[in-house]
Amino acid sequence: MAKEPPSPSHKVWKPELYKIQLEAPTPKAVCCESQPVTRPDFYNLEYHGTMNHKDCEHILSEKPDGSYLIRRSPGAEDYWTLSLRFGEKTKHFKIYYTPDKGHYLSENFKKFDTIHDLVADGLVDFYMRLHAGPIIQQMMCQTKNCYEQSPYMTLNRRKLRALSNELRKSSKLSMLNDDATVGNVLGTESDSLTENMVIDQPSDDVLPEIYEKNHLFKTHTFKGLNWCEFCANFLWGFTSQGVKCEDCGFVAHIKCSELVPAKCVPDLKRLRGIFGVDLTTLVTAHKCKIPFIVKKCVEEVERHGMLQEGIYRISGFADEIDALKMALDKDGEKADMSVLAYSNINVISGVLKLYLRLLPVPLITFHSYPAFMSSMVNKTIGEQVRSLREAIKLLPLAHFNCLKYILEHLNRIASHNAINKMNESNLATVFAPTLIATPQHLTDLSQEINMLTALITHCHTVFL
């Protein structure tokens, strides 16, 4: 394998847009020199009181670009007017102010702490549109189909390749284990099978096709000089210059972020706990197939609760469930879930249900929900199983693995229903609101319960 080149981050950034921003005019407040006026507390000498366009033009006509004043337009009640000189012309804008939001042009626009910041950001925006338009247009054309050559891929290739290798190895080992199990059932020698099977070495591809994770982009205000990790160009402006992925830290222009494929590699240090975290994000960050909380809860329930009457139906104490949730968010896998710490197994089962209920995207996703439901309509059991097999193909890999693990666990619980009184239908009634992305207006879950009952009953046939 070729040696990894040194990080080229100091060579990647393209300074053209930064240079253009430096050339933009700076704010120059035109102070009121006439008789004193009553001004709001949030404006200083740049406020000129009530003034019409003609008088404003008289004051600003000979001023350089960047000069501005604040006035009250005749008849205005809930807004003020910013008059700004740019391109040897005077522009007028309605502006608003509230103590909690600051200064802004409209409700859905950027918010600023001072009027100086608002004007500075506006001047940069005007200047960039005027002088950087061709560069920005060329930038978008060049990066549209160049994700593999983007700085993000260049700087993170090692991390992406490591993830690729782990996913490939995990996939191969899973196939090997499944084949070995089949071999045991058929009476063949699993040791021989293991010896003869060779796990392929990873190719030079950066990521396998099975990996897909959307970036969680949020508009962000960056301090200091920052650059887009997709196109390597400067993030211009003074506030809300671009977006940042909350899971991996990917930084991009808003427009560039629309071109980025779903290949986010979450950084474990950025995750705040485990509850309420997207499932794909969690398993990718922890480099596992099943979240550790799901495995630990299932193991504890199967160790101490398989014969517990009403398991999963009877709730544990809310304060103990909250305490365990906080411990898992804080300490992760180190949290003590043993019978010594929580003697009531219903606390463990309650935490598992809570975790699944708080997933941003339910285990049976919004996208796959219609296919799961249609699999039960006017069909024989055999047809239902075949339709369910097709439905599970619509699930993301993390959801597929976790759903399979949960259903096989519930199937084992149901096998002891003569003692624990929890058959497949009872378990489906408990888990339907937790596992299925049901529409909010839906109150009758009888069809969802029937579908989940079939999944629990035939899980070993559905998940071949």
So what is the relative contact order for segment 234-380, in percent, with contacts set as C-alpha pairs under 8 Å and at least six apart? 22 percent
Neighbourhood net charge (15 Å Cβ-Cβ; Lys/Arg +1, Asp/Glu -1) for VAL347: -1
Residues in segment 376-404 near a label at LEU464, defined as backbone nitrogen under 16 Å from the 7 Å Cα→Cβ point? 382-394
Just how much of HIS416 is accessible, in Å², when a 1.4 Å probe is used and the result is rounded to the nearest 10? 70 Å²
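Across every pair of different alpha-carbon atoms, what Kirkwood hydrodynamic radius in Å does segment 350-397 reach?
11.9 Å
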Between Rg and the Kirkwood Rh of segment 265-385, both from Cα atoms, what is the Rg to Rh ratio? 1.04
Leaving out ligands, DNA and RNA, and with a 1.4 Å probe, what % of the accessible surface on segment 318-379 is carbon or sulfur? 57 percent
Ordered by packing density, taken as the mean number of other Cβ atoms within 10 Å over each peptide's residues, highest first, how do 334-342, 394-402 rank? 394-402, 334-342
In nm, the gap between the two label points placed 7 Å beyond Cα toward Cβ at GLU408 and ASP267 is 3.5 nm
Between beta-carbons, use under 11 Å as the cut-off and find the net charge around LEU271, counting Lys and Arg +1, Asp and Glu -1. -2
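Probe radius 1.4 Å, ligands and nucleic acids ignored: give me the carbon and sulfur share of the accessible area of segment 24-72 as a rounded percent.
Values: 1450 of 2950 Å².
Ligands and nucleic acids excluded, carbon and sulfur reach 49 percent.
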Considering only protein heavy atoms, what is the solvent-accessible area of PHE112 at a probe of 1.4 Å, reported in Å² to the nearest 10? 10 Å²
Specify whether the C-alpha gyration tensor of segment 361-464 places it in the rounded, prolate or oblate class, a ≥ b ≥ c being the square roots of the eigenvalues: rounded for a/c under 1.5, otherwise prolate if a/b is larger than b/c and oblate if not. rounded
Cross-link partners of LYS393 among lysines (Cα-Cα below 25 Å; sequence separation of 8 or more within a chain): LYS169, LYS172, LYS213, LYS263, LYS287, LYS289, LYS295, LYS353, LYS379, LYS404
Dimensions (Å) - segment 230-319, Cα atoms, principal axes, largest first: 62, 27, 20
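The values are calculated or read from the model by the stated rules, or taken from the named source; none is laboratory data. What you see is a predicted model, and the numbers here were worked out from it, not measured in a lab. Every residue, glycine as well, gets a Cβ built from its backbone with ideal geometry; the counts of neighbours run over all protein chains shown. What goes into the accessible areas is simple: the full protein's heavy atoms, side chains included, and nothing from ligands, DNA or RNA. Shrake-Rupley method; radii C 1.70, N 1.55, O 1.52, S 1.80 Å.
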